[in-house]
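Comments concern the structure below.
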Amino acid sequence: MIRIDSVTKRYPDGTVAVDRLSLEIPDRSITVLVGPSGCGKTTTLRMINRMIEPSEGTITLDGVDISRQPVNSLRRSMGYVIQNAGLFQHRTVVDNIATVPRLLGWSKDKARERARELMERVGLDPSFAKRYPYQLSGGQQQRVGVARALAADPPVLLMDEPFSAVDPIVRKGLQEELLRIQEELGKTIVFVTHDIDEAIRLGTMVAVMRTGGRLAQFAPPAELLSSPADSFVEDFLGTDRGIRRLSFFTSEALELKKTPIVAVDSSAEQIASREGTDVPYLLVTDLEGRPLGWSAPGDLTAGRIEAGRLLSYGRPFVHGKDSLRAALDCAVLSPTGWAVAVDGDGRVVGVVSQQTIGEAIRSAHAAQERDEKVAG
Ligand SMILES: Nc1ncnc2c1ncn2[C@@H]1O[C@H](COP(=O)(O)OP(=O)(O)OP(=O)(O)O)[C@@H](O)[C@H]1O
Ligand SMILES: [Mg+2]
């Protein structure tokens, strides 16, 4: 565990960049530092790998004061990723990624093999191996930066606004990739951003910092949204806090309807018995139970269901795993106003209307507000 204990950084000109900051960064999870420009995020991150030394206070790694550890071995245990990736422009992608293993004395072949393995891990096509950084998009360059930081398999990854320079769609992809990598490799990640949405999306724990390098709140995202510590945090979270909170309400308790589901090989009686029961449409599945599409009323004929004539089922949500917000998105985007719920294998477990999801959201909000009143 990384423990920051009452750390202050005063630059030679007197600027206090970080002011008595204390944080316990849990292992094998993502801790996000978020806050306005100049609040001391980068300074904090760089004190963790000793690119900057604190003026006061201590930082320990697994109980050992990092100021007593040799800088080289400390940095080797911490990958570092920055905005615009900071790649070596005169080296190919594969050699950029192989940099640290080469420094550690690995043979060229072994280092390149490791680099190719990491390219796959971060979602880079193997054909990019011989390209130079200028021949890649911004998002691809960031992936190379992440792969390079992972090359020597450090237990800790420090990331300073790594995705800020790419457009929102690419950024979302990179965030998903990072969550997947973290889950697979179990790294301890400290991630700096000034984007609260990114913080909420990625963080297991989120530290909100304020100008002057002070900690405003350190909490899991759901807690930040439900109980901001003060008006600074509340303002920083913005006005759509209620909508963001929806992401934390699970779809588990949603009541699903199963009657309108018919398999593609259903008989005329089966179809007739299901039509018009409670839902104006029937959802047709393949023989494995995966969704094919909605059928308009009276449109189904046994034995002659044409997948091409069905209405799109949109994007299904995973019942119990996805949030109420995700379920609502599905219903809103569905041509019938009904969302399709599937299990982890993509098999249909039921359908649910936009109206039912809306009611579930309202009652989840009401329940949460009651809890907050009780908690004071
Ligand atoms: N070498 C330095 N000398 C003096 N002041 C500095 C130095 N480096 C940073 N600062 C100041 O310390 C404060 C914190 O800077 P830091 O770079 O840690 O902020 P940040 O939260 O990362 O900001 P941003 O979101 O803009 O990257 C700022 O006021 C900055 O101007
Ligand atoms: Mg910074």
Complete set of residues in the stretch 171-195 that are of a type outside the set (Ser, Thr, Tyr) and more than 12 Å from the chain's Cα centre (by Cα):
Glu184, Leu185, Gly186, Lys187, Ile189, Val190, Val192, His194, Asp195
Please work out if Val208 is assigned to a strand (DSSP E or B) and hydrophobic (A, V, I, L, M, F, W, C).
yes
Note on the stretch 68-93: residues of a type in the set (Val, Ile, Thr) and crowded, with 17+ Cβ neighbours inside 10 Å are Val81, Ile82, Thr92, Val93
I'm checking my understanding of the structure. Among residues of the stretch 154-170 that are among the hydrophobic types (A, V, I, L, M, F, W, C), under 25 Å from Met209 (Cβ atoms) and at pLDDT below 90, which one is nearest to the chain's Cα centre (by Cα)?
Phe163
Log entry, pairs with first residue in the stretch 2-17 being closer than 24 Å to Thr31 by Cα, second being within 14 Å of ligand 1 (Cβ to nearest atom) and of a type in the set (D, E, K, R), beta carbons closer than 8 Å, six or more apart or on different chains, reads Thr8/Asp19; Val16/Lys9; Val16/Arg10; Ala17/Lys9; Ala17/Arg10
Among residues of the stretch 205-238, those that are free of Cβ contacts under 8 Å to residues at least 60 places away in the same chain and either surrounded by fewer than 17 Cβ atoms within 10 Å (Cβ to Cβ) or of a type in the set (Asp, Glu) (or both), counted:
9
With the requirement that a residue be in contact with a Cys (Cβ under 9 Å, 6 or more places away or on another chain) and either modelled with pLDDT under 90 or farther than 18 Å from Ser22 by Cα (or both), what does the stretch 181-210 give you?
His194
Just to verify a result, which residue in the stretch 185-201, among those that are over 20 Å from Pro228 (Cβ atoms) and within 14 Å of ligand 2 (Cβ to nearest atom), is surrounded by the most Cβ atoms within 10 Å (Cβ to Cβ)?
Phe191
In the stretch 320-353, how many are at pLDDT below 90, surrounded by fewer than 18 Cβ atoms within 10 Å (Cβ to Cβ) and within 16 Å of Leu283 (Cα to Cα)?
3
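The values are calculated or read from the model by the stated rules, or taken from the named source; none is laboratory data. Note that the structure is a prediction, hence the values are computed from the model and not measured. So basically every Cβ, Gly included, is an ideal-geometry build from the backbone, and we count neighbours across all protein chains shown.
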